[in-house]
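Worksheet: one structure, shown below.
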Amino acid sequence: KQKEKMKYILLICFMTFLPHCAGKPVRRGVSYPKTFEDIKKEIAGYRDIAKAIIDLAVYGKAQNRSYERLAVFADTIGPRLSGSKNLEAAIKYMVSALQEDRLENVHLEPVKVPHWERGEEFAVMLKPRNHSIAILGLGSSVATPPEGITAEVIVVTSFDELHRRAEEAKGKIVVYNEPFISYGETVRYRSQGAVEAAKVGAVASLIRSVAAFSIDSPHTGWQSYQPAVPQIPTACISVEDAEMMSRMSLRGSKIIVHLKMGAKTYPDSPSFNTVAEIVGSKYPEQVVLISGHLDSWDVGQGAMDDGGGAFISWEALSLIKDLGLRPKRTLRVVLWTGEEQGGVGAQQYYQLHKENISNFDIVMESDEGTFRPSGLGFTGSAAARDIMKEVMALLQPINATDLYDGADGTDIASWMRAGVPGEHAPALHWQHHS
């Protein structure tokens, strides 16, 4: 059953466009309803089509298909860091796969993406005892000098504490042992930690990984320097090591760490957003966009971040095609590049297409893991939310009918700020019990 979990979420990815669907043909020629009651009736009229899609995905020949496609992709390509040869290979792979799936208008849209490589990196505690520290350099970090950095550590739990102890931090390595509140709240220590440490004269920063739990596993991610602020090396460490150094510090022990990082930043590299469509039958210029990103970090295989989101977005189009359905509006899948570096591929896509923003009906993204969903995150007007509640009722057969406040997606943020309704799938209200 675990393989089937990925199938559930892809159904959510495209349900929003069902009120506008044309079947084989379905309700062709019916004018768009004017009242909410009419809209409710139209949506309810797609119950049989929704059931056909669900049956194909969960019980039919497409069962486990997106899982198997993703497994082959991840095993074949591996990690896909921005600017890397592996990312180039992944994009070529996907173009071929989308064409073989007989989707329409398969093409690439060129963008420029950052090219950073971590190189050799390690850290070791020298005092109060010898201990190897697991680290992962943060994206865009500068290198240490070739001989590395050996310095005393100051442990802080917040930016406020760092600023209060600014004089103590000069010439030291700042270790952030910030408590995990939520990813959205706590990630600022990763993104801003090096800058804040540099402002008070620190020589490097080590950030407790932004995670609710750990098995001595540091988590990498992107970080940003600021103009006129010295650039210092920065890396993530495990929750366990951050907590240990915090305990040592509170006991009054002097902590000395040796840090060596060989990171390099190269000029931006050419890359591509990967696009495929099912062209709308009645309003082809109007777009329902679903998406995930192809790039990943270099220390895993990117199966969940965001191979799963990319492949269920592709699967949504495959299911519609397999059933011989054609939506009235164009259903477009975009597989973004450079998301891990701040959504640079999506931002360039937005700049290229925003002149036609009135033709984008809704933008959707899946980038929070692909588990068994309980609903969707949605950002839009109150009227649109009422309509979406009716659409979500079509997902009753898989018990994924909840509609949560807010679609939080890096790659669709520009569209939502401009007023286009947005959805994030899965709104990761998945059933996790500690």
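The values are calculated or read from the model by the stated rules, or taken from the named source; none is laboratory data. All figures in this text were calculated on a predicted structure; none of them were measured in a lab. FYI the Cβ positions are ideal-geometry reconstructions off the backbone, even for glycines, and counts take in every protein chain you see. Note: areas computed on protein heavy atoms with side chains; ligands, DNA, RNA excluded. Shrake-Rupley method; radii C 1.70, N 1.55, O 1.52, S 1.80 Å.
Just list whichever of 92/264; 264/354; 40/321; 260/354; 61/328; 85/389 have alpha carbons separated by over 32 Å in the model shown.
Working: 92/264 26 Å; 264/354 34 Å; 40/321 26 Å; 260/354 44 Å; 61/328 25 Å; 85/389 43 Å.
From the list (92/264; 264/354; 40/321; 260/354; 61/328; 85/389), the Cα-Cα distance tops 32 Å for 264/354; 260/354; 85/389.
If you scale each eigenvalue of the Cα gyration tensor by 5 and take the root, what three semi-axes come out for the chain, rounded to whole angstrom and sorted largest first? Walk me through the numbers on the way to the answer.
On the way: eigenvalues 398, 92, 75 Å².
Equivalent ellipsoid semi-axes, largest first: 45, 21, 19 Å.
Solvent-accessible area of residue 159, all protein chains in place: 20 Å² (probe radius 1.4 Å, heavy atoms, ligands and nucleic acids excluded). Charge dipole (Cα centre; +1 on Lys/Arg Cβ, -1 on Asp/Glu Cβ; no other charges) of the chain amounts to roughly 540 debye. Between 414, 313, 53, the Cα set farthest toward the positive side of the dipole of the chain (charges on each charged residue's Cβ, about the Cα centre) is that of 53.
Using a probe of 1.4 angstrom and keeping all protein chains present, the accessible surface of the range 335-424 works out to 39 square angstrom per residue. Projecting the Cα atoms of 259, 219, 356 onto the charge dipole of the chain (Cβ charges, centred on the Cα centre) puts 356 farthest toward the positive pole.
Can you give the % of DSSP beta bridges in the range 119-262 that are antiparallel, to the nearest 5?
Values: 16 of 29 bridges.
Antiparallel: roughly 55 percent of the beta bridges in the range 119-262.
Per residue, the solvent-accessible area of the range 119-262 (1.4 Å probe, heavy atoms of protein chains only, all protein chains present) comes to 44 Å². For the range 119-262, the carbon plus sulfur part of the accessible surface works out to 54%, probe radius 1.4 Å.
Near the amide H of residue 155, within less than 5 Å, lie the amide hydrogens of 175, all on another chain or at least 5 residues away, with H placed in the peptide plane. Entry note, the chain: the mean residue ellipticity at 222 nm calculated from DSSP H runs of n ≥ 4, each adding -39500 (n - 2.57), is -9500 deg cm²/dmol after division by the residues and rounding to the nearest 500.
Based on DSSP, what percent of beta bridges with both residues in the chain are antiparallel, to the nearest 5? Intermediate results must be reported in sequence, preceding the final value.
On the way: 37 of 70 bridges.
If we restrict to bridges inside the chain, about 55 percent are antiparallel.
Taking max minus min of the alpha-carbon positions on each principal axis, the range 119-262 gives extents of 37, 35, 33 Å, largest first. Springs between Cα atoms under 10 Å define the GNM used for the chain, and in it the highest mean-square fluctuation of 125, 244, 304 occurs at 244.
Once all protein chains are placed together, residue 249 keeps about 40 Å² accessible to a 1.4 angstrom probe. Rounded to the nearest 10 square angstrom, residue 131 shows an accessible area of 40 square angstrom against a 1.4 Å probe.
Across q = 0.13, 0.21, 0.26 Å⁻¹, the range 99-164 modelled as identical point scatterers on its alpha-carbon atoms has Debye log10 I(q)/I(0) values of -0.65, -1.13, -1.22, in the order of the q list. Distances between placed amide hydrogens fall under 5 Å for residue 360 paired with 287, all partners being 5 or more residues away or on another chain.
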